[in-house]
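What follows is a short report on a single structure.
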Amino acid sequence: MNNPAVLELLMNNRDRTNFRRKIGSERILLMLPLNIVMVGRIRGTVDRSRIAAALEKLRSRHPFLGVRVQIDDDGTGSYVAEDVPAIVIHVEPRQCEEQWIDRLKEEFRTPFPIETGPLVRCSLIQSEDVSEIILCGHHAICDGMSLGYLIRDLLKYIAEPTQDFDGSIYPPPIDRTTVPSPPSTNPLLRFIMTRINKKWAAKNIRFSESEMCRMHEEFWKHNSAIQVIAWDMDPRTTAGLVERCRAENVTVNTALWTAFLAAQYDVQGDRRRYRKRSALAVSTRNKLNVSVGEAFGFYASSLTVKLPYSRRKSFWDNARTVHSRITKELSKTNLFRMFFSEMVHPTLLDSIYFRKYSLLDEAMPKRLLSKMGWHKITYGYALTNVGRFDIPTTYGPYRLEAVYGPLFYSDVEEKMVGVITVGGRLSIILASNESVVGDVTRLKEAAMGYLETGLQRYC
């Protein structure tokens with residue numbers, strides 16, 4: 001027992017199992033069928049046993065990799081690290097280029113065992129020369145950047161399994177002590193919600209993990225026509241896009257938004273009012289009073305912007321308008337609006353999608369569902385752009401060839417887009433419901449056509 005390596009492992013395990021965190025405003029996401037994924041394509045032979053060993057080691061570095069959910073009698077909950085099994089790793093032999101997309105869809109459809117944990121999974125689409133690693137997490141515990149850092153750390157320890165990690169990164173909570181300016185709430189609204197919560201609490205309605213799985217099943221019956229496509233730009237074209245955006249005084253994010261809006265207008269038209277509304281993901285990692293750094297956790301918010309596209313303007317004039325709209329909206333929006341969910345009884349939040357999919361006949365969640373706009377498609381696009389993600393592309397004998405994501409699937413957004421740039425290569429992945437959107441490749445081709453036309457003199 002005097003072996004230093006054994007003692008270190010025991011200390012790490014002790015620290016890991018002592019982790020406990022109260023669930024905050026992300027409680028609103030807990031029962032939703034909202035898994036988030038990121039995919040890394042690897043050159044080199046990747047072995048399952050090495051992935052398992054690396055993930056087990058990383059549970060001591062990133063506590064949220066080994067938690068389960070414990071719901072208290074009052075409906076509030078905590079993330080608990082005791083008695084959580086190992087991360088599940090699914091492996092299948094790689095037989096074609098698009099196989100990983102089918103597996104990604106399956107990851108969306110599969111709920112997490114929240115009562116036993118863990119809330120993260122891994123899939124390996126494996127061949128001798130190239131493999132895809134798919135990381136999937138419950139959105140309540142992680143964001144896109146978290147999965148990006150996890151891909152990096154995972155490859156690092158697969159390549160060098162004996163190396164030590166730099167220490168645990170404990171994710172700070174997002175609460176009223178860490179947020180510089182919590183959103184203010186109307187006293188009358190607080191009074192009304194107190195009365196509503198009291199009436200709801202008297203009903204003593206609770207939802208078990210099995211009931212959550214039933215709701216997820218109903219959700220996917222209604223969204224079975226999910227389609228996912230992925231593509232990327234070569235480094236030269238990516239560099240040309242960056243250069244042109246600088247010349248036009250807009251961001252790459254803005255140019256992508258504009259291209260997708262133009263494609264939406266061309267392919268789908270603008271008769272649907274929701275297509276003028278977009279949801280832009282925003283990281284809150286650098287907006288807290290405490291340092292978040294590379295912590296694995298949920299540090300994301302969204303910006304709702306009305307972004308019409310005008311055919312009377314050039315692409316880059318439209319891009320400048322979009323840039324101005326986003327900048328203006330960002331300056332006046334409190335990115336911690338999720339705090340409002342803390343005014344609502346936790347199990348009333350849970351009940352929203354149970355009511356939506358006819359698994360609960362109660363008036364209160366029906367009214368809340370309509371008030372929040374979750375009863376219908378509300379946005380034309382939801383776009384998450386991680387931006388330039390500065391992680392290595394070489395890990396010992398392995399090369400990270402491409403990264404796709406982050407991506408989630410929602411029935412509130414018509415189209416969901418994930419963008420990331422790794423190793424100078426910009427990658428895009430898009431999900432939608434084919435029964436609503438039709439063949440999504442038309443949108444891809446139209447959007448890329450706008451970007452290619454705008455870049456001709458730079459590439």
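Only the coordinates and a few stated rules stand behind these numbers; no lab work does. Because the structure is predicted, anything quoted here is derived from the model rather than measured. Note that we place each Cβ from the backbone using ideal geometry, even for glycine, and neighbour counts take in every protein chain shown.
Calculate, in nm to one decimal, what V436 and E98 gain on full extension: separation in residues at 0.36 nm each, minus their alpha carbon distance.
Result for the pair: 119.4 nm of gain on full extension.
Give the calculated FRET efficiency between N286 and K221 to the nearest 0.05, with a Förster radius of 30 Å applied to their Cβ-Cβ distance. Walk me through the numbers before you get to the answer.
Values: r = 40 Å, r/R0 = 1.34.
Result of the calculation: an efficiency of 0.15.
Give the aspartates and glutamates whose C-alpha is closer than 16 Å to that of K306, dropping any in the same chain fewer than 8 places away, or say none.
The reachable aspartates and glutamates, counting only those whose Cα sits under 16 Å from K306, are D270, E329, E413, E414.
Charges at C-beta only: +1 for Lys and Arg, -1 for Asp and Glu. How large is the resulting dipole of the chain about its Cα centre, in Debye rounded to 20? If you can, show how the numbers build up before the last one.
On the way: 63 positive and 52 negative charges, 453 e Å.
Value, rounded to 20: 2180 debye.
How high is the relative contact order of the chain, in percent, with contacts defined as C-alpha pairs under 8 Å that are six or more residues apart?
On the way: 821 pairs, mean separation 103.3, N = 459.
Relative CO of the chain lands at 23 percent.
Taking θ as phi - 60°, what are the ³J(HN,Hα) couplings along the range 118-130 by the Karplus curve (6.51, -1.76, 1.60), each to the nearest whole Hz, with x for Gly and Pro?
x, 9, 9, 9, 9, 10, 10, 9, 10, 9, 5, 9, 9
With point charges of +1 on the Cβ of Lys and Arg and -1 on the Cβ of Asp and Glu, referenced to the Cα centre of the chain, which listed residue (A54, N433, L155) lies farthest in the positive direction of the dipole?
With unit charges placed on the Cβ atoms, the residue in question is N433.
Expressed as a rounded percentage, what relative contact order does the range 4-159 have, with Cα pairs under 8 Å and six or more residues apart?
Values: 248 pairs, mean separation 52.2, N = 156.
The value is 33 percent.
To the nearest 0.05, what FRET efficiency results for A201 and K376 with a Förster distance of 25 Å applied to their C-beta separation?
Calculated transfer efficiency: 0.30.
What trypsin sites (Lys or Arg not before Pro) does the range 186-224 have in DSSP loop regions with at most 15 other beta carbons within 10 Å?
Within the range 186-224, the qualifying trypsin sites (Lys or Arg not before Pro) (loop, at most 15 other Cβ atoms within 10 Å) are R206.
Name the long-range amide H neighbours of E248: under 5 Å, sequence gap of 5 or more, or other chain; modelled H, no Pro or chain starts.
The answer is none.
Once amide H atoms are placed 1.01 Å from N in the peptide plane, what residues at a sequence separation of 5 or more from I226, or on another chain, have their amide H within under 5 Å of its amide H?
E434
Quick one: V39, V290, fewest Cβ neighbours within 10 Å first, how do they rank?
Ascending Cβ contact count within 10 Å gives the list V290, V39.
Only counting other Cβ atoms within 10 Å, I'd like W316, W231, W200 sorted with the fewest neighbours first.
Lowest to highest Cβ neighbour count: W231, W316, W200.
Can you sort Y450, Y79 from fewest to most other Cβ atoms within 10 Å of each residue's own Cβ? Show your work: numbers first, answer last.
Details: Y450 20, Y79 25.
With the fewest neighbours first, Y450, Y79 line up as Y450, Y79.
So for the pair E82, A247, with labels modelled 7 Å out along Cα→Cβ, what separation do we get in nm?
The answer from the label model is 6.3 nm.
Would you list, by chain and number, the lysines whose Cα falls below 25 Å from the Cα of K221, excluding same-chain residues fewer than 8 positions away?
K105, K356, K366, K371, K376, K415
Using alpha carbon centroids, what distance separates the range 193-258 and the range 22-101, in Å?
Between the Cα centre of the range 193-258 and that of the range 22-101, the gap is 18 Å.
Taking H placed 1.01 Å from N in the peptide plane, check which residues at least 5 places from K415 or on another chain put their amide H under 5 Å from its amide H.
The list, which skips near neighbours in sequence, is Y381, A382.
For the range 110-144 and the range 410-435, what is the centre-to-centre distance using only Cα atoms, to the nearest Å?
18 Å
Not counting the cut sites, what is the longest span of the chain without GluC sites (Glu not before Pro) that DSSP labels loop and that have at most 11 other Cβ atoms within 10 Å?
Values: sites that count: E97, E98, E128.
Result for the longest clean stretch: 129-459.
Output wanted: per-residue J couplings in Hz (rounded whole) for the range 286-298, from phi through Karplus 6.51 cos²θ - 1.76 cosθ + 1.60, θ = phi - 60°, x for Gly and Pro.
Residue by residue, the range 286-298 yields 9, 10, 9, 6, 10, 7, 9, x, 9, 5, 8, x, 9 Hz.
Helix check for the chain. Which DSSP H runs span at least 27 Å along their own axis by Cα, with a mean Kyte-Doolittle hydropathy no less than 1.0?
None pass (Cα extent of 27 Å or more, hydropathy at least 1.0).
Go through the range 393-399 residue by residue and turn each phi into a ³J(HN,Hα) via Karplus (6.51, -1.76, 1.60, θ = phi - 60°); whole Hz please, and just put x for glycine and proline.
Running phi through 6.51 cos²θ - 1.76 cosθ + 1.60 with θ = phi - 60° gives 10, 10, 9, x, x, 9, 10 Hz.
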